[in-house]
Amino acid sequence: MQANKGRDTRPELAVRRAVHALGLRYRVSFRPIPTFRRTADLVFTRAKVAVFVDGCFWHGCPEHHTVSATHARFWADKITRNRERARETNAILQEAGWIVMRFWEHQDPTLAARAVAVQMTSLHRDATAAATESYRSTSPPHRPPRPPERDPHG
Ligand SMILES: [Zn+2]
């Protein structure tokens, strides 16, 4: 199988199909912030949710990234840069009020889609709750602390 990088990779298509099957509609390979030259794989513009499907090799997945014997340094540097770039993208989007979700390409697309759906549902609930709250009182809205989203790996 040929390595296929860039847009429309198979894992990305699988996630797109699974999210679509849950009735959610999104933009594909779209810039969440028009002036910021980074595209997310799935973008929910109204909810401000950006979804990325990260390649196991290109982003150094702890389970599937294998260290190349030749040009090891070159690849290590490249993957480090990719990861830094991803962190920077996350930070800038979050700063602008976006929710960023990242999945590994090896993750089950159905589970990834379900996580996106849960996020969209909770956003909807938060928005409703926040609206009710601000209209009811002047005290800051109470938000229960959330557990970390990431599954412990390995
Ligand atoms: Zn992987």
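The values are calculated or read from the model by the stated rules, or taken from the named source; none is laboratory data. Given the structure is predicted, the values throughout are model-derived calculations rather than measurements. Positions of Cβ are generated from backbone atoms using ideal geometry, with glycine treated the same way; all protein chains shown enter the neighbour counts.
Points to keep in mind about this one:
- For the criterion of being in contact with a strand residue (DSSP E or B) (Cβ under 8 Å, 6 or more places away or on another chain) and outside any loop (DSSP other than H, G, I, E, B), Phe103 passes.
- Remark: pairs (first residue in segment 104-129, on the phi < 0 side of the Ramachandran plot and within 16 Å of the ligand (Cβ to nearest atom); second residue part of a helix (DSSP H, G or I) and at pLDDT 90 or above; Cβ separation under 6 Å; 6+ apart in sequence or on different chains) = Glu105/Pro11; Pro109/Ala14; Pro109/Val15; Pro109/Ala18; Ala112/Val15.
- Residue pairs meeting the criteria (Cβ under 8 Å; at least 6 apart or on separate chains; first touching a residue at least 60 places away in the same chain (Cβ under 8 Å), in segment 55-78; second within 14 Å of the ligand (Cβ to nearest atom) and assigned to a loop (DSSP other than H, G, I, E, B)): Pro62/His153; Pro62/Gly154; Glu63/Cys56; Glu63/His106; Glu63/His153; Glu63/Gly154
- As a summary of the residue check, Asp151 satisfies the conditions (1) under 30 Å from Val67 (Cα atoms); (2) over 13 Å from the mean Cα position of the chain (by Cα); (3) at pLDDT 85 or above; (4) not hydrophobic (A, V, I, L, M, F, W, C) except for the one numbered (3).
- Under the condition of being of a type outside the set (Ser, Thr, Tyr) and outside any loop (DSSP other than H, G, I, E, B), the residues counted in segment 28-79 number 21.
- Residue count for segment 55-75 under the criterion of being within 11 Å of the ligand (Cβ to nearest atom) and polar (S, T, N, Q): the result is 1.
- Residue count, segment 81-100 (criterion: more than 16 Å from the ligand (Cβ to nearest atom) and either hydrophobic (A, V, I, L, M, F, W, C) or at pLDDT below 95 (or both)): 7
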